[in-house]
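Just below is one structure, and these are the notes that go with it.
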Amino acid sequence: MKTLTAYSPGLALVLLMISFASCKKRKRNGPEVKVDLSVKTVTNLNDGNDTLSLPFYYSLALNKQVTENEAWDLRFKRSTILTNKGGSSKLVDGVFSDYVTTFTTDFMPGSVGQWYEYDSDPHIVTPKRNKIIVVRTASGNYAKLEILSYYKDSPTRKSTSHFTHPEFSPSKSEHYTFKYVYQADGSTRLK
């Protein structure tokens, strides 16, 4: 009676040939989809009303402002940014251009977190430097986002005196400027 070890080299060779044959590149149906990982910049996103503070919505996938009844990824109201139901986010340290991939852990539903610093004397909201908002959308795609300004036309802060610069007045606030990269294929590669 032959033992299993007598058949082992032959069996190993057959299994190896089968595994190589199954690794043959398969032809996909349809054209290959290229994912656009270009940096998009959104300027002066707001509710369109300088007297009331209404929430406004943005679709990262469509790269445009949308209504509450459309598919949206982010909701803005005052300095609060929320993800849509089923979406989540996390705030990470890093330089936007160097942030290549994200881990799929530590995401929190709802509010994006403390992305800004608030100076109570002149009442100015300033985005934190080297903070990246990573978003997992309700559809399971990922994006990285950096808030550049909270004020209309992105003024630079030259003075700390209380309300001496009209560009930081409440009517000029809630005009978000940000840049982002949206990964449409569901992978965590963001560059």
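Points to keep in mind about this one:
Yes or no, residue by residue, for (1) crowded, with 16+ Cβ neighbours inside 10 Å; (2) over 27 Å from Gly48 (Cα atoms); (3) touching a strand residue (DSSP E or B) at 6+ places or on another chain (Cβ under 6 Å):
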site	(1), (2), (3)
Ser89	yes, no, yes
Gly94	no, yes, yes
Thr105	no, yes, no
Trp115	yes, no, yes
Ile132	yes, no, yes
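- From Asp106, Asp93, Asp73, residue being within 17 Å of Phe56 (Cβ to Cβ), among the acidic types (Asp, Glu) and within 16 Å of the chain's Cα centre (by Cα): Asp73
- Subset of segment 112-127 (residues that are assigned to a strand (DSSP E or B), closer than 15 Å to Glu146 by Cα and in contact (Cβ under 8 Å) with a residue 24 or more places away in the chain): Tyr116, Val125, Thr126
- Sole residue being assigned to a loop (DSSP other than H, G, I, E, B), at negative phi and more than 16 Å from the chain's Cα centre (by Cα), chosen from Leu62, Leu54: Leu54
- Any hit, segment 139-158, residues being modelled with pLDDT under 85, within 17 Å of Asn46 (Cβ to Cβ) and part of a strand (DSSP E or B): no
The values are calculated or read from the model by the stated rules, or taken from the named source; none is laboratory data. In this text the structure is predicted, and so the values were computed from the model without any measurement. Here Cβ is always computed from backbone atoms with ideal geometry, including for glycine, and neighbour counts include all displayed protein chains.
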